Amino acid sequence: MENLLVLTHADETGSALTRASLETVTAGLELAARLSAPLTIGIVATDATSAAAALSSTGARLLAVSGEAFSQSRYATDAAAAEALCRAANATIVLAPGSSRFTRVAAGVAHRLSGFVDTHITSLGGANIIEASRWFYRQRIEAVVSRDIRPWFLLLDAGTHAAFAGASGTAKIEEVAVQLPALRTTVSGFRAPQQDQQTIRPDAKMLLVAGAGWTKKQPDGQIHAAEAGELILGFLGATGASLGSSKSLVDQGGEGNSVLPFLTHLNQIGQTGSTPRHAKGLSTCCHGEEPHVVGWRFIADRRAISLDPNCGWTRGKADVVYVADAFPVMAKVNALLEAAKA
Ligand SMILES: Cc1cc2nc3c(=O)[nH]c(=O)nc-3n(C[C@H](O)[C@H](O)[C@H](O)COP(=O)(O)OP(=O)(O)OC[C@H]3O[C@@H](n4cnc5c(N)ncnc54)[C@H](O)[C@@H]3O)c2cc1C
């Protein structure tokens, strides 16, 4: 019989679990039910009390590693916490969110326990055995993996399961003591862009993609890059959407052409970019070529605005295509969003 452990960690408040942790709880509950296996949830937090209360309705055994030392992400403390939780649970299967915090330590912890780790897991199937799915080659090939080696660590991609949301109640927490090594790293704080400067938002419902058309000569023979920037940022500000780009647009900076200053290669979607997960996507001034559209694999509802009635989007790649000039369309959309807010 397998012993399932779900590893979770708190967000920056130090007490509430991250959304990705709660998604992993859902995956753990489903797997435990299917295998009729006992489930333990391990919590890493400054104070695990409220996180445990939020998990009380799972019926799982709750273990916690808590204290000031675990309030910050740091390899030594996170690895020690995860190792202690795995040993205390005698885990054979460990599910953890693929957060930066756990992704950094999972391979090391698996090695300490003579186990094995697989990352970017998107689903867990199988009747009596565990079959973990992940995508390879830029999301083109889906592989189903099963292994005999234990403990087997599985890092789940965010957005692949619903976040657990049970009624909060009184929970019994078993505190697990951790023998910390000498700490050489002191976390002095975070430096991150302001929320409104951060345009990549993996949790957003919508993706707005900007293509190279925004910085090309328009019907009046002029380039309107500044106006394009205002329209795009206006839409992001009003909707909280995440911003993606075609490769052509972000490449233009290197070629000395007009660029949108808030775009970098991190925004690039596609074969050589990222493959985000959002409920809706709106492509603007982008041709919809295959190397770009392959990055839209996990966008459920796809719409595009392009001047070209023969663009790739109109050839079956988008659900709805508006053959129109994106400048006036987005200006109107932004005005409607402003009016709705007022
Ligand atoms: C190996 C390889 C890997 C690649 N990887 C990627 C990748 O990861 N991601 C990626 O994006 N590309 C990738 N590409 C490039 C890809 O093939 C395309 O060249 C690129 O996506 C095109 O970008 P675009 O549509 O923004 O630009 P363009 O092809 O220049 O299209 C601009 C579009 O904007 C429209 N337009 C212009 N003005 C307006 C307006 N006012 N209103 C509405 N529409 C307007 C035009 O009609 C046109 O359709 C890759 C290519 C190769 C060979």
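Every read-out reported here was derived from the displayed coordinates using simple, explicitly stated rules and does not represent laboratory data. Computed from a predicted structure; not experimentally measured. Every residue, glycine among them, receives a Cβ derived from its backbone with ideal geometry; neighbour counts consider all protein chains shown.
With a simple spin-label model that places each label point 7 Å from the Cα along the Cα-to-Cβ direction, the separation between E175 and V329 comes to 5.9 nm. Residues with beta-carbon under 13 Å from that of G312, excluding G312: net charge, scoring Lys, Arg +1 and Asp, Glu -1? Value of the local net charge: 0. To the nearest ten degrees, helix 19-35 and the longest principal axis of the Cα atoms of the chain are 60 degrees apart.
Each label point was placed 7 Å from the Cα along the Cα-to-Cβ direction; for S188 and F136 their separation is 4.4 nm. For the chain, the 222 nm mean residue ellipticity estimated from helices alone, with every DSSP H stretch of n ≥ 4 adding -39500 (n - 2.57) and the total spread over all residues, rounds to -8000 deg cm²/dmol. Counted by Cβ distance under 12 Å from P276, the other residues give a net charge of +3, where Lys and Arg count +1 and Asp and Glu count -1. Volume of the convex hull of segment 1-159 (Cα atoms only), normalised per residue: 101 Å³.
What you get for the chain, charging only the Cβ of Lys and Arg (+1) and of Asp and Glu (-1), is a dipole of about 360 debye around the Cα centre. To the nearest 10 degrees, how steeply does helix 225-239 sit against the main Cα axis of the chain, on a 0 to 90 scale? Its long axis makes an angle of about 40 degrees. When you filter the GluC sites (Glu not before Pro) in segment 11-118 for DSSP loop state and at most 14 other Cβ atoms inside 10 Å of their Cβ, you are left with E12.
Quote the FRET efficiency, to the nearest 0.05, computed for N90 versus Q198 with a Förster distance R0 of 35 Å and r equal to the Cβ-Cβ distance.
Taking R0 as 35 Å, the efficiency between N90 and Q198 is 0.30.
Relative to the longest principal axis of the chain, what angle (0 to 90°, nearest 10) does the C-alpha long axis of helix 100-112 take? Computed tilt is about 40 degrees.
Residues whose amide H comes within less than 5 Å of that of G67, counting only those at least five positions distant or on another chain, are A45, T46, D47 (H built at 1.01 Å from N in the peptide plane). Peptides 269-278, 243-252, 315-324 ordered by packing proxy, namely the average of other Cβ atoms within 10 Å per residue, highest first: 243-252, 269-278, 315-324. The HN-Hα couplings worked out from phi for segment 205-218 by the Karplus form 6.51 cos²θ - 1.76 cosθ + 1.60 (θ = phi - 60°) are 6, 10, 10, 10, 10, 9, x, 5, x, 4, 10, 9, 4, 9 Hz, whole numbers, x standing for Gly and Pro.
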